[in-house]
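What follows is one structure encoded as structure tokens, with my remarks underneath.
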Amino acid sequence: TGLSRPQRMLKAVQKNATKGDPQSVIAAIDYYCRHKEWAMNVGDDKGPILDSVVSEVNPSTALELGTYCGYSTVRIARLLSPGSKLITVEFNPAYAAVARQIIAHAGLQNKVTLVEGGSGDLIPKIKEQFGITSFDFVFLDHWKDRYLPDIKLLEDCGLLKKGSVLLADNVICPGTPEYLEYVRNSPRYKSQYFQSYLEYTKAEDGLEKSVFLG
Ligand SMILES: CCCNc1ncnc2c1ncn2[C@@H]1O[C@H](/C=C/CNC(=O)c2cc(-c3ccc(F)cc3)cc(O)c2O)[C@H](C)[C@H]1O
Ligand SMILES: [Mg+2]
């Protein structure tokens, strides 16, 4: 049956992007998804908002839930300071395989640890497996009904500290109502909505930035 959509995206990166140049990888994916085949990357409207939050936080430790093809992984990792680490979690092996190659094409494999598996299984093991005591930054972009249980798990595992920043994709489309209600009403978070557009479309979507208050 030929190549999958993620594999076709990978081919477009390998053909059009310069090895070791993250910006060209980002541009190649955005061009492909805007002009050839839509795909659920955070994209080039919401992407600059992601960039600005990552740059502002300048995290030493970062976590991404839902790697997919690695587009946002590349966006985040390219901005990390030397010695900082991004852990990204993807439970679909086929997507993880594509993402590894896209991350490697960008030359960012030394800043990224891609863990194959479910976030619910991984999060409780992060302290022992990676020696990480807390995350400065968490990007949520996996199944939308898993955002809330997973941040509660991060809280319970003591992986958030005062000032940790959560950034959630798709809070409007497809939408994450329970998550939004929680972070906007909990006294433990200071939340802020960044209005934008669903990737490669004119539909509304946005990112929710929530600072953990401890
Ligand atoms: C145990 C499970 C939880 N733990 C997990 N642990 C590890 N990995 C996990 C977990 N849960 C999921 N994943 C992985 O993350 C990815 C999943 C990503 C999901 N993203 C969307 O569904 C979306 C939809 C639209 C959209 C908008 C408009 C439309 F018309 C159509 C689509 C836009 C967007 O920007 C979107 O991000 C990947 C496919 C999947 O294998
Ligand atoms: Mg998304």
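The values are calculated or read from the model by the stated rules, or taken from the named source; none is laboratory data. Owing to the predicted nature of the structure, the values given are computational and were not obtained by experimental measurement. Cβ atoms come from the backbone with ideal geometry, glycine included; neighbour counts cover every protein chain shown. For accessibility, only protein heavy atoms count, side chains too; no ligands or nucleic acids. Shrake-Rupley method; radii C 1.70, N 1.55, O 1.52, S 1.80 Å.
Residues Tyr71, Tyr31, sorted by accessible area with the largest first, give Tyr31, Tyr71 [1.4 Å probe; ligands and nucleic acids excluded]. Just checking the listed ones, Gly131, Gly120, Gly175: in the Gaussian network model of the chain with Cα springs under 10 Å, the one fluctuating most is Gly131.
If you roll a 1.4 Å probe over the chain with all protein chains in place, what percent of the accessible area is carbon or sulfur? With neighbouring chains kept in place, the figure for the chain is 53 percent. If both residues of a DSSP beta bridge must be in the chain, then about 40% of such bridges are antiparallel. List residues of segment 178-209, by number, whose backbone nitrogen lies under 20 Å from a label position 7 Å along Cα→C-beta of Lys36. Label zone hits: 199-201.
When each of the peptides 136-142, 104-110, 2-8 is scored by the mean number of other C-beta atoms lying within 10 Å of its residues, the order from highest to lowest reads 136-142, 104-110, 2-8.
Once you reduce segment 112-132 and segment 149-201 to the center of their Cα atoms, the two points are 20 Å from each other.
Maximal additional length on extending the Ala97-Arg188 stretch stands at 29.1 nm, based on 0.36 nm per residue less the C-alpha distance.
Efficiency by 1/(1 + (r/R0)^6): what FRET value for Ala203 and Lys19, r their Cβ-Cβ distance, R0 = 45 Å, to the nearest 0.05? Provide the component values of the computation, followed by the final result.
Working: r = 34 Å, r/R0 = 0.75.
Using R0 = 45 Å, I get an efficiency of 0.85.
When you count the other C-beta atoms within 10 angstrom of each residue and take the mean per peptide, 155-165, 201-211 line up highest first as 201-211, 155-165.
Per residue, segment 10-119 exposes 40 Å² of accessible surface when a 1.4 Å probe is rolled over the protein heavy atoms with every protein chain present.
Return the subset of Lys85/Lys209; Lys15/Lys144; Lys127/Lys190; Lys19/Lys85; Lys111/Lys202; Lys85/Lys202 for which the Cα-Cα distance in this structure is over 28 Å, preserving the input order. As for pairs spanning more than 28 Å Cα to Cα, those are Lys15/Lys144; Lys111/Lys202; Lys85/Lys202.
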